[in-house]
1. Can you run down the residue pairs with Cβ atoms below 7 Å, 6 or more apart or on separate chains, where the first is in the stretch 170-195 and free of Cβ contacts under 8 Å to residues at least 60 places away in the same chain and farther than 15 Å from Arg160 by Cα and the partner is open to solvent by 70 Å² or more (accessible area, probe 1.4 Å) and not acidic (Asp, Glu)?
2. Quick check on the stretch 236-243. Is at least one of its residues closer than 19 Å to Ile113 by Cα and part of a helix (DSSP H, G or I)?
3. Please determine whether any residue of the stretch 143-150 is open to solvent by 40 Å² or more (accessible area, probe 1.4 Å), in a helix (DSSP H, G or I), aliphatic (A, V, I, L, M) and modelled with pLDDT of 95 or more.
4. Select, from Ala102, Ala129, Ala120, Ala156, the only residue that is more than 30 Å from Ile47 (Cα to Cα), touching a residue at least 24 places away in the same chain (Cβ under 8 Å) and not basic (Lys, Arg).
5. Please go through the stretch 114-130 and pick out each residue that is surrounded by fewer than 22 Cβ atoms within 10 Å (Cβ to Cβ) and either acidic (Asp, Glu) or part of a helix (DSSP H, G or I) (or both).
6. What number of residues within the stretch 230-243 satisfy the criterion of being more than 15 Å from Gly198 (Cα to Cα) and touching a residue at least 24 places away in the same chain (Cβ under 8 Å)?
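The values are calculated or read from the model by the stated rules, or taken from the named source; none is laboratory data. Note that the structure is predicted; figures quoted are calculated from it, not measured. For neighbour counting, all protein chains shown are included, and Cβ atoms are generated from backbone atoms with ideal geometry for every residue, glycine included. Ligands, DNA and RNA are excluded from the accessible area calculation, which covers all protein heavy atoms including side chains. Shrake-Rupley method; radii C 1.70, N 1.55, O 1.52, S 1.80 Å.
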Amino acid sequence: DVKFIVEGETIHAHRLILKLAAPALAHLCEDVDEDDALPIIGVRSSIFQGVLRFAYGDTVPPEVWTAVAATDNDNKNSADDTTNDEKEPCVLSTPSMEILDAANRFGVVDLKILAETKVAESDVRISTASDLILYADAKDCPLLKERVVDYFVANAELIRKHPSFGKVKESASILDELMEAYVTKRILRSFSSGEEGGDVDYESMGVNLLRRKLDGRGLDVDGSREMLIQRLEVWDDRKRVGGV
């Protein structure tokens with residue numbers, strides 16, 4: 001009962017499904033008549049349909065994860081930093097990043113986290129690290145940000161020499177975070193320490209562990225690292241006073 005126009009293609013969906021699985025996209029449709037089509041700008045049709053497929057059935061067709069845009073010819077060899085260090089890659093130059101961006105935009109949290117994990121595992125390189133940490137910070141992708149910070153600690157000299165690092169210098173907060181991680185050589189935990197209920201040293205935990213704890217308490221797993229920790233601390237406070 002709702003239609004979208006993406007790259008000239010008409011795509012149909014159900015408002016009820018969108019309200020449950022893609023609330024931000026459903027919100028865009030609230031004032032759209034059934035006979036009208038809502039144009040979606042800035043997303044490839046294949047990516048948008050992949051997001052809808054996930055909203056309907058918690059899965060994205062494998063080919064969507066590898067469907068590079070036809071205009072991305074300059075990015076075919078981007079994995080080789082030795083030959084592309086001077087290039088200025090688009091932050092959305094891979095299908096995983098496109099899916100991450102669309103899932104975040106339309107409120108499909110589980111897909112956002114899945115795509116974020118894929119990007120963190122395969123897309124962080126010397127030439128992309130600076131752009132990715134800025135993106136991760138702006139879009140509340142703490143796992144990706146954590147991965148880039150760790151990568152910076154191991155490759156600080158090369159990343160600082162890359163032209164894209166100039167953008168990072170414009171953000172005092174991110175620059176401070178990178179420098180602190182580099183100096184302290186931080187190592188975040190990926191496993192619980194001691195009894196589950198007594199393990200409340202959230203600052204020492206990695207994002208995956210924080211999310212597991214939030215999920216186990218039925219709490220929202222989306223948001224920045226600071227937001228994740230705050231939710232756990234609030235939950236602990238309420239539990240101590242008998243509110244949970």
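1. Within 7 Å, the pairs are Ser190/Asn208.
2. Initial filter on the stretch 236-243 (closer than 19 Å to Ile113 by Cα): none.
No: the stretch 236-243 contains no residue that is closer than 19 Å to Ile113 by Cα and part of a helix (DSSP H, G or I).
3. Here is the first cut: in the stretch 143-150, the residues open to solvent by 40 Å² or more (accessible area, probe 1.4 Å) are 147, 150.
Those still in the list that are in a helix (DSSP H, G or I) too: 147, 150.
The next check asks that each one be aliphatic (A, V, I, L, M); those that pass are none.
Among the residues of the stretch 143-150, not one is open to solvent by 40 Å² or more (accessible area, probe 1.4 Å), in a helix (DSSP H, G or I), aliphatic (A, V, I, L, M) and modelled with pLDDT of 95 or more, which makes the answer no.
4. On the way: Ala102 fails: more than 30 Å from Ile47 (Cα to Cα); Ala129 fails: more than 30 Å from Ile47 (Cα to Cα); Ala120 fails: more than 30 Å from Ile47 (Cα to Cα).
Of Ala102, Ala129, Ala120, Ala156, the one residue that is more than 30 Å from Ile47 (Cα to Cα), touching a residue at least 24 places away in the same chain (Cβ under 8 Å) and not basic (Lys, Arg) is Ala156.
5. Leu114, Thr117, Lys118, Glu121, Ser122
6. The number of residues fulfilling the criteria is 0.
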